[in-house]
1. Every residue in the stretch 137-179 that is within 18 Å of residue 121 (Cβ to Cβ), of a type in the set (A, V, I, L, M, F, W, C) and within 20 Å of the chain's Cα centre (by Cα), please.
2. Out of all the residues in the stretch 190-214, which are buried (at least 16 other Cβ atoms within 10 Å of the Cβ) and either in a loop (DSSP other than H, G, I, E, B) or not charged (D, E, K, R) (or both)?
3. Is it the case that residue 85 is in contact with a helix residue (DSSP H, G or I) (Cβ under 8 Å, 6 or more places away or on another chain), surrounded by fewer than 21 Cβ atoms within 10 Å (Cβ to Cβ) and either of a type in the set (Lys, Arg) or over 22 Å from residue 208 (Cα atoms) (or both)?
4. Name the one entry in 91, 54, 69, 21 that is more than 24 Å from residue 198 (Cβ to Cβ) and surrounded by 16 or more Cβ atoms within 10 Å (Cβ to Cβ).
Amino acid sequence: MAHHPSFTVLPTSLDADLILADTAADAEWARTDLSTLTEQEKNHAAEFEPDAGAIWVAGRVILRHVLGAHLDQDPAGIEIRLDSAGKPRIAECEFSVTRARRLVLVAVSEDPVGVDLEAVPSHDVAAEAMALLHPKEQSDLAEVDDSRLAEDFVRVWARKEAFLKALSTGLARDPGMDYIGAAVSPASPHPDVDIHDVESGIPEGYRAAIAFNR
């Protein structure tokens, strides 16, 4: 089944389908179209403030449509459950979803996968958030020119969140425990997990990464 025409399938040689949607442009419909959601999902969305609820709805609606196209199933009929760590799962394949401002990025794979998309923050936000990183990452970034700090920081953070999602821990695991770094190639701290930057098709001002738990 083809993906929704408002979605963009990103080019990649990795073992995953990567689908990007802009909820302030062609995919704006996903913020208000609740037709594929379960009653439980609608009730969950209603617990948020309106803007936050619309963002959550958009992410879940886009995810359902991506999975529906991948599995050739009705998006509304897919049973999404939460595992013991609170990560959404289905029986037929592995997936990961991430939201950054107006954008939603979904990865679908046969292997456990984690994907993260981040907007490049201001210099001051990046400088403050560095304290959450591994000590060596902090020292590496302390040597970076101020003009590059925000981009180098967010590259590390996207890689780290993708890694933690692939482990199925998310940020329940201290992001300062593992060294991944901002080098050209990420350093994976786990022998079974490989980490990659996602660059093709990612808009200016954002950074993305994906990790596979083999």
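1. 150, 153, 154, 156, 157, 158, 162, 171
2. Residues satisfying the conditions are 193, 195, 196, 198, 202, 206, 208, 209, 210, 211, 212, 213.
3. Yes, satisfied.
4. Going through 91, 54, 69, 21 in turn, the sole match is 54.
Every residue, every condition in (1) among the small types (Gly, Ala, Ser); (2) in contact with an Asp or Glu (Cβ under 6 Å, 6 or more places away or on another chain); (3) surrounded by 12 or more Cβ atoms within 10 Å (Cβ to Cβ); (4) within 27 Å of residue 103 (Cα to Cα), yes or no:
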{"site": "127", "(1), (2), (3), (4)": "yes, no, yes, yes"}
{"site": "139", "(1), (2), (3), (4)": "yes, no, no, no"}
{"site": "158", "(1), (2), (3), (4)": "yes, yes, yes, yes"}
{"site": "168", "(1), (2), (3), (4)": "yes, no, yes, yes"}
{"site": "175", "(1), (2), (3), (4)": "no, no, yes, yes"}
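Bear in mind that the values in this text are calculations on the coordinates, not laboratory data. Computed from a predicted structure; not experimentally measured. We place every Cβ from the backbone using ideal geometry, glycine too, and count neighbours over all the protein chains shown.
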